[in-house]
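Each remark here refers to the structure printed beneath this line.
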Amino acid sequence: MYTDYCSRIYKSLLTINPYLREIGIKRDDLVYATPDGTINGSLYLMDQKGFTDFSVGSAPEEIRFNAIREYGVQYLVLLDTNFHRNPKLTPCLQHKIGTYKSVEIFDLESY
């Protein structure tokens, strides 16, 4: 089951790079890829700079989301749409700028 989940999520990331550039996200723009507990697996696959859940620690979501803004993160890359069910994530989901397969991308500039 876990292997299927990882395969589905990470498979999308293997080909997402041209789409990110198409919607205006540059390689040096900082993204927060979540949920991703790896050190930088999703970032590596996307060829993108930024943070994963591993990078920002195990702090409660509200603290984590405020911290990522302090780090200068510009975009939220939501790797699993089931994560929408987390009500603490709602403020970050106001400015959706794209969807690529199972991945949704949000602009955090207004957050």
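The values are calculated or read from the model by the stated rules, or taken from the named source; none is laboratory data. Since the structure is predicted, the reported quantities are computational estimates derived from the model, not experimental observations. Cβ placement follows ideal geometry from the backbone for every residue including glycine, while neighbour counts extend to all protein chains displayed.
Structure notes:
- Among the candidates Ser55, Ser42, the residue that is modelled with pLDDT of 85 or more, surrounded by 15 or more Cβ atoms within 10 Å (Cβ to Cβ) and not aliphatic (A, V, I, L, M) is uniquely Ser42.
- Condition check for Thr15: part of a loop (DSSP other than H, G, I, E, B), more than 14 Å from the chain's Cα centre (by Cα), at pLDDT 75 or above and not aromatic (Phe, Trp, Tyr): yes
- In the condition set (1) modelled with pLDDT of 75 or more; (2) touching a strand residue (DSSP E or B) at 6+ places or on another chain (Cβ under 9 Å), Tyr111 is compliant with all but (1).
- Inter-residue pairs, beta-carbon under 8 Å, first touching a residue at least 40 places away in the same chain (Cβ under 8 Å) and closer than 15 Å to Thr15 by Cα and in the stretch 92-111, second assigned to a strand (DSSP E or B) and of a type in the set (Gly, Ala, Ser), 6+ apart: Ile105/Gly98
- Residue match in the stretch 73-95 (condition: modelled with pLDDT of 90 or more and surrounded by fewer than 14 Cβ atoms within 10 Å (Cβ to Cβ)): no
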